[in-house]
């Protein structure tokens, strides 16, 4: 029987609220997403070493992810880790290849022409509730050889309190076995606005954020721990706002371990057990046999208020119950 890893990313709808209409506008390099006619995000599929979502705008219209390196010269923003591009999916050991650091401006010269994810097909649906983007992609080594392929389904919705994206990705081992290696460098990732950082770092300014997880841990205590969800929130442009990521109960090694940094990176990572737990190196390796595939599901919630005010725990429970038996 085929084992599936589906990866779904969702930004959650407000609890008990009516959802707004989501719209899509397709361009040569991206698909723009709106909620009730207001900008939400763009799915950008050219100009980077992997597809990204940028910007990520809250219901108040505030960008909640770092703008660099997509935009230059933004006051108060750090210029570290150029591969941290808003919202993305990637991993640091895929058959031993570092796709995580793959960025034209990355520190290592070989990443200027290095591993990348190339889109081969794009379909959109909508407008309506929700709007959906579906893509096909291939993971390519620096020499042009294909390591594996994936299918992604991104679903967008929202209301006046929260906005949502479901991102579903199925990774297929259709070019031989694929091993996701035991490293903290990955995988379902977000780099938050500097104001949501715990502290100023790498030249950033204005850090006043708080990290919270489903187990009641906060801030630095969240790093490397297993949790059902993680939330970054704090005052951004005078209004408390935040972003949460949910890990689905059906995901591999749920609850996920979290690469949650005080300088603003947060990533759900089921593979980095050595770094996160001190287990022997290689414990977190997972191989997709040739001809099979792997499925994971995640949800992002872009919300007003902090994690408690946005009822993040209730939102996770509602989402998990509604999608208890994913196809």
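The values are calculated or read from the model by the stated rules, or taken from the named source; none is laboratory data. The shown structure was predicted, so the numbers you read here are calculated from the model rather than taken from an experiment. No Cβ is skipped: glycine too gets one built from the backbone with ideal geometry, and neighbour counts run over all protein chains shown.
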- line: Of all strands (runs of 3 or more DSSP E) fully inside the range 220-327, the set with 3 or more residues that are closer than 28 Å to residue 177 by Cβ is 257-260, 265-269, 286-288, 293-304
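For every residue, the table says whether it meets (1) in contact (Cβ under 8 Å) with a residue 60 or more places away in the chain; (2) touching a helix residue (DSSP H, G or I) at 6+ places or on another chain (Cβ under 7 Å); (3) under 28 Å from residue 297 (Cβ atoms).
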{"position": "186", "(1), (2), (3)": "yes, no, yes"}
{"position": "193", "(1), (2), (3)": "yes, no, yes"}
{"position": "204", "(1), (2), (3)": "yes, yes, no"}
{"position": "211", "(1), (2), (3)": "no, yes, yes"}
{"position": "215", "(1), (2), (3)": "no, no, yes"}
{"position": "224", "(1), (2), (3)": "no, yes, yes"}
{"position": "229", "(1), (2), (3)": "yes, yes, yes"}
{"position": "238", "(1), (2), (3)": "no, no, no"}
query: If you scan the range 233-263, which residues turn out to be over 13 Å from the mean Cα position of the chain (by Cα), crowded, with 24+ Cβ neighbours inside 10 Å and closer than 22 Å to residue 56 by Cα?
result: 233, 241, 242, 248
query: Out of 174, 166, which single residue is under 18 Å from residue 266 (Cα atoms) and either surrounded by fewer than 21 Cβ atoms within 10 Å (Cβ to Cβ) or at pLDDT below 95 (or both)?
result: 166
query: Which one of 85, 77 is in a loop (DSSP other than H, G, I, E, B), within 12 Å of the chain's Cα centre (by Cα) and either more than 23 Å from residue 305 (Cβ to Cβ) or free of Cβ contacts under 8 Å to residues at least 12 places away in the same chain (or both)?
result: 85
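The rows are residues; the columns are (1) in a strand (DSSP E or B); (2) in contact (Cβ under 8 Å) with a residue 40 or more places away in the chain; (3) touching a strand residue (DSSP E or B) at 6+ places or on another chain (Cβ under 9 Å); (4) surrounded by 21 or more Cβ atoms within 10 Å (Cβ to Cβ).
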{"residue": "123", "(1), (2), (3), (4)": "yes, no, yes, no"}
{"residue": "138", "(1), (2), (3), (4)": "yes, no, yes, no"}
{"residue": "143", "(1), (2), (3), (4)": "no, no, no, no"}
{"residue": "151", "(1), (2), (3), (4)": "yes, no, yes, no"}
{"residue": "154", "(1), (2), (3), (4)": "yes, yes, yes, yes"}
